[in-house]
Amino acid sequence: MSSNDNISKPFESVPKLSGKENYVTWKQRLTLALILTRSNSFIDPNTKVPADGSLGTWTDRDSQIAAAILSTTSESILSAHIGHLNDSTTELPRSRVIFKALEKLYGTSGPQYSFALGRKFLESRCADQEDVEAWVNQVQAQYRELKLLKFDLDALCINVLLNGLPDRFGSFVDSIWTAEKNPSIEDIKISILRVNAGQLNRSNEKALAARTASLSLDSTTSLTAFYAGLKKSGKKPGKAHPCARCGSPLTG
């Protein structure tokens, strides 16, 4: 068996990376393949390029591992990154460059991914014409991934709270999705109530301003009609009807 066969065999069992939805499972199996082939140092951020004496052999090995990593991706992802294999400007090791690029694009940091997967898991239904066995396997795969992400009842509660808020909380929900750390249920509760109070206060202030403007308009309209009536009858503001604007009891 050739050295290429020794390298490629463990990577054959790695599921094809298709996107964020299966990144966690893919990374777990890829890590195992790298360890089995004693190649995990090629994606280690602390790995240094060796001295000239062994550089040729090391570079060949790096290229093989880089190709093996790309072989575990879908056709569309492969097409987007295969250029790194032959690009002389690509930083060494190429394996690390490719792995980091995939991690950046499809990695699952922050709560957004786990919450989205949790919601998908809860809403999973098998259609009448759907393959039941395939659906069961899919649900089980989602369960395993949620378990790896430590998605528990607390995370589920936060998921329900955020997904159930009215549309006016859109900006607030987006800020939680993009947070680096998962918030606690109590933090979410306090934040929701604070945002809600602020929105209600602004709404009440706008309503009061609109009411005041309406009353002012109604008053001005009534006064205009009243003085128009006085003028029509040949009268002017007097003691009985002083000027509403300046209070002067002018007599006719």
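The values are calculated or read from the model by the stated rules, or taken from the named source; none is laboratory data. Fair warning: this is a prediction, and the values are worked out from it, not measured in the lab. Because the Cβ atoms are built from the backbone with ideal geometry, glycine has one as well, and the counts that use them run over all protein chains shown.
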field: Output for the range 113-160, where each listed residue is surrounded by 16 or more Cβ atoms within 10 Å (Cβ to Cβ) and under 18 Å from THR178 (Cα atoms)
entry: TYR113, SER114, PHE115, ALA116, LEU117, GLY118, LEU149, PHE151, ALA155, LEU156, ILE158, ASN159
message: I'm told ASN182 meets every condition in (1) at pLDDT 80 or above; (2) in a loop (DSSP other than H, G, I, E, B) except one. Can you identify the failing condition by its number?
response: (1)
- prompt: Within the range 105-122, is there a residue that is in a helix (DSSP H, G or I) and either among the acidic types (Asp, Glu) or within 30 Å of VAL49 (Cβ to Cβ) (or both)?
  reply: yes
message: Given (1) over 28 Å from the mean Cα position of the chain (by Cα); (2) modelled with pLDDT of 90 or more, identify the lone condition not met by THR31.
response: (1)
- prompt: Among all residue pairs at least 6 apart or on different chains, which show Cβ distances below 6 Å where the first residue, located in the range 88-107, is within 18 Å of ARG61 (Cβ to Cβ) and the second is surrounded by fewer than 14 Cβ atoms within 10 Å (Cβ to Cβ)?
  reply: LEU92/VAL49; VAL97/GLU91
query: Looking only at residues in the range 66-87 that are without any contact (Cβ under 8 Å) to a residue 12 or more places away in the chain and not in a helix (DSSP H, G or I), which one is surrounded by the fewest Cβ atoms within 10 Å (Cβ to Cβ)?
result: ASN86
- prompt: Looking at SER63, SER95, which one is polar (S, T, N, Q), crowded, with 19+ Cβ neighbours inside 10 Å and assigned to a helix (DSSP H, G or I)?
  reply: SER95
task: Collect the residues in the range 188-202 that are surrounded by 13 or more Cβ atoms within 10 Å (Cβ to Cβ) and not polar (S, T, N, Q), keeping them in residue-number order.
output: ILE188, LYS189, ILE192, VAL195
